[in-house]
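Inspection log for the structure reproduced underneath, given as structure tokens.
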Amino acid sequence: MTTGHGAAATLTIDLGAVAANWRLLRDLSRPAECAAVVKADGYGLGLEQVARAVRAAGCRRFFVARAEEGLALREALGGDGAIYVLDGPGRPADAPAFEAAGLIPVLNSPEDIAAWAADSGADRPRRGILAVDTGMNRLGLSPPEMRDLTSRSGALDGLEIDFVMSHLACGEERDHPVNGLQRALFDELRAPLAGVAASLANSAGIFLGPDYHYALTRPGAAIYGISAATGAPRRMREVVRLKAPILQIRTVDRDSTVGYGATCRVPRGARLATVAAGYADGYLRALGNRGHGYVGATRVPVVGRVSMDLVTFDISDTPEGGVKPGDHVDLICGRHTIDDLAAEAGTIGYEILTAMGRRYRRRYENGDSSGT
Ligand SMILES: *Cc1c(COP(=O)(O)O)cnc(C)c1O
């Protein structure tokens with residue numbers, strides 16, 4: 001039994017790949033404009049870093065979920081760039097903070113519209129995005145509310161509507177009938193707002209083709225290199241690599257079990273490497289006895305349950321004596337992508353990304369690659 005030093009796992013985030021992915025999405029979206037969705041701390045990869053990378057690539061419109069994220073983003077970006085808050089304008093008491101930081105709310109209900117319009121003068125209309133629900137039943141005006149709104153003249157007085165938007169429920173399935181139904185309903189509901197630009201597509205919506213692009217696309221996932229559509233050609237560059245140091249290697253030479261609950265039996269013995277990552281780091285517990293990593297080119301399985309701080313791999317297939325404590329197991333790499341790991345955990349890349357833990361040592365690379 002040998003013991004290694006206790007370094008943290010390293011999460012490497014390639015900002016050059018972030019910028020390249022955004023530029024590809026921008027090109028696919030043309031002539032529509034391409035925004036960037038950077039909610040949830042830039043899908044877990046660092047709000048400030050990813051926002052700056054896509055801004056350097058030419059992005060001028062950003063979406064966050066919460067007002068707090070918008071305030072942090074404004075700090076990071078300085079004055080330029082439109083920041084839209086998907087959750088809405090919040091309480092009336094929040095309006096001054098929105099205005100001071102130049103945050104633009106997505107208006108999700110008649111109440112949002114009334115509140116946001118309330119004390120804006122005709123000389124300085126307040127900007128907003130008007131959201132209509134066409135099939136998610138989540139946020140946005142319902143179709144009857146939208147019809148009521150557009151039938152009343154002056155219903156949007158005091159407001160400057162940048163876009164009317166909706167969100168796709170099934171965009172990752174190219175042939176899902178709901179896509180066409182949502183698009184038709186969106187067109188019907190926004191028809192009375194002839195002069196207002198429209199926005200429908202998330203990452204998956206961009207891959208559905210120009211019919212879904214309208215004036216503004218809103219990709220998130222694809223910017224970060226994860227698959228947003230089943231069967232979509234894998235054109236996005238990998239953004240994330242994750243490697244965890246081996247803390248200890250042990251050779252068990254008799255029938256025994258590994259980890260909590262003794263869920264894994266190694267009947268003929270095994271060489272086991274325990275690494276510094278666990279479910280507290282977002283290495284999901286669902287990966288117990290199901291996940292894989294790589295030691296060099298050798299695929300190594302997770303054995304036993306994932307613990308809070310540790311996970312154990314069976315490295316019996318690596319050359320004897322070729323791996324030592326302090327070496328690394330690649331948890332996410334070119335051979336084993338976020339999407340592969342997500343499949344093993346029974347989830348989607350979005351959850352793997354946004355669960356990335358605070359204890360990882362983060363390394364950003366290629367942060368200065370702007371260009372067009
Ligand atoms: C999160 C979100 C997006 C981005 O979706 P991706 O699938 O990550 O591209 C776009 N629009 C809305 C309304 C969202 O909530």
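What the table shows:
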{"read-out": "Alpha carbon centroid spacing (whole Å) that separates the stretch 210-285 from the stretch 91-160", "value": "41"}
{"read-out": "Cα gyration tensor category, rounded, prolate or oblate, for the stretch 12-120 with a/c compared to 1.5", "value": "prolate"}
{"read-out": "Principal axes of the chain: Cα extent on each, largest first, Å", "value": "81, 42, 39"}
{"read-out": "Protein-only accessible surface order, largest first, of 256, 151 at 1.4 Å", "value": "151, 256"}
{"read-out": "Most mobile listed residue (346, 102, 293) in the chain, GNM with C-alpha springs under 10 Å", "value": "346"}
{"read-out": "For the stretch 306-347 versus the stretch 43-74, the gap between their alpha-carbon centres in whole angstrom", "value": "31"}
{"read-out": "Most fluctuating residue given options 295, 106, 252, as computed from a GNM of the chain linking Cα atoms under 10 Å", "value": "252"}
{"read-out": "Sequence ranges 137-144, 208-215, ranked by mean other-Cβ count within 10 angstrom, highest first", "value": "208-215, 137-144"}
{"read-out": "Length-normalised contact order for the chain - Cα pairs under 8 Å, 6+ apart - percent", "value": "21"}
{"read-out": "Rounded, prolate or oblate (a/c below 1.5 giving rounded, otherwise prolate when a/b exceeds b/c) for the stretch 322-372 by Cα gyration tensor", "value": "oblate"}
{"read-out": "Student exercise, the stretch 31-225 dipole from Lys, Arg, Asp, Glu Cβ charges, in Debye to nearest 20", "value": "300"}
{"read-out": "Mean projected area (nm²) of the alpha-carbon convex hull when the stretch 148-253 is viewed from all directions", "value": "12.3"}
{"read-out": "Solvent-accessible area of residue 160 with every protein chain in place, 1.4 Å probe, in Å² to the nearest 10", "value": "90"}
{"read-out": "The chain, dipole about Cα centre (Lys/Arg Cβ +1, Asp/Glu Cβ -1), debye to the nearest 20", "value": "1100"}
{"read-out": "For the stretch 31-225, convex hull volume per residue from C-alpha positions, Å³", "value": "117"}
{"read-out": "Cα centre as origin, Lys/Arg/Asp/Glu Cβ charges: the stretch 247-319 dipole, Debye", "value": "180"}
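The values are calculated or read from the model by the stated rules, or taken from the named source; none is laboratory data. What you see is a predicted model; the values in this text were computed from it and never measured. Positions of Cβ are backbone-derived with ideal geometry, glycine not excepted, and every protein chain shown enters the neighbour counts. Side chains included, ligands, DNA and RNA excluded: accessible areas come from the protein's heavy atoms. Shrake-Rupley method; radii C 1.70, N 1.55, O 1.52, S 1.80 Å.
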